[in-house]
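Everything below concerns the one structure shown next.
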Amino acid sequence: MDYRILIDQLVEFWGIVVEVWQQGVFGVQVGRILTAALILIFFLAIRKAFARHVVRLKVITERIPGELDDRVLEALERPVGMIPVAIGLFFSLEYLALDGIFGEIGGKFLRSFVVFILFWGFYNLVDPLHFLLDKVRALFSEALRDWLLKVTKI
């Protein structure tokens with residue numbers, strides 16, 4: 001076996017590795033991709049810390065008489081917990097500075113994610129706030145109130 005052929009192939013392979021590291025994937029350097037991934041991971045860690053503060057808010061709302069604030073906080077806990085992820089995704093995409101179709105896809109994905117978080121929160125708020133329909137009990141029948149609750153969720 002000729003070791004010179006093997007060494008030449010390894011040198012050629014190393015040249016490809018260096019080229020990919022410098023040129024990147026889809027025009028983005030690998031170092032920037034790794035940094036963007038670290039930014040996203042950092043914001044995922046912030047999400048965990050953010051969740052701890054929501055638990056502290058639960059302790060405070062338990063001291064306040066009434067159940068509405070507890071139910072609203074419980075309904076918004078998970079959607080609000082996704083806000084740091086959306087912020088991290090934004091900064092990651094900004095750092096990558098994607099051009100062309102990939103930039104467009106990234107921007108649309110971020111916008112869709114933000115819309116998802118907003119409407120997830122609105123959807124979760126329907127149950128805690130359905131008591132507002134009880135205030136107009138004299139105007140609507142129980143069947144109509146139930147129907148309005150279902151329509152509001154849709």
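Taking every alpha-carbon pair under 8 Å whose residues sit at least 6 apart, segment 1-134 reaches a relative contact order of 28 percent. Against the empirical 2.2 N^0.38 Å (N residues), the chain has a Cα radius of gyration ratio of 1.71. As a ratio to 2.2 N^0.38 Å, the alpha-carbon radius of gyration computed for segment 1-86 takes the value 2.10. For segment 1-105, the fraction of 1.4 Å probe accessible surface lying on carbon and sulfur atoms is 67 percent.
The values are calculated or read from the model by the stated rules, or taken from the named source; none is laboratory data. Computed from a predicted structure; not experimentally measured. All accessible areas refer to the heavy atoms of the entire protein, side chains included, with ligands and DNA or RNA removed. Shrake-Rupley method; radii C 1.70, N 1.55, O 1.52, S 1.80 Å.
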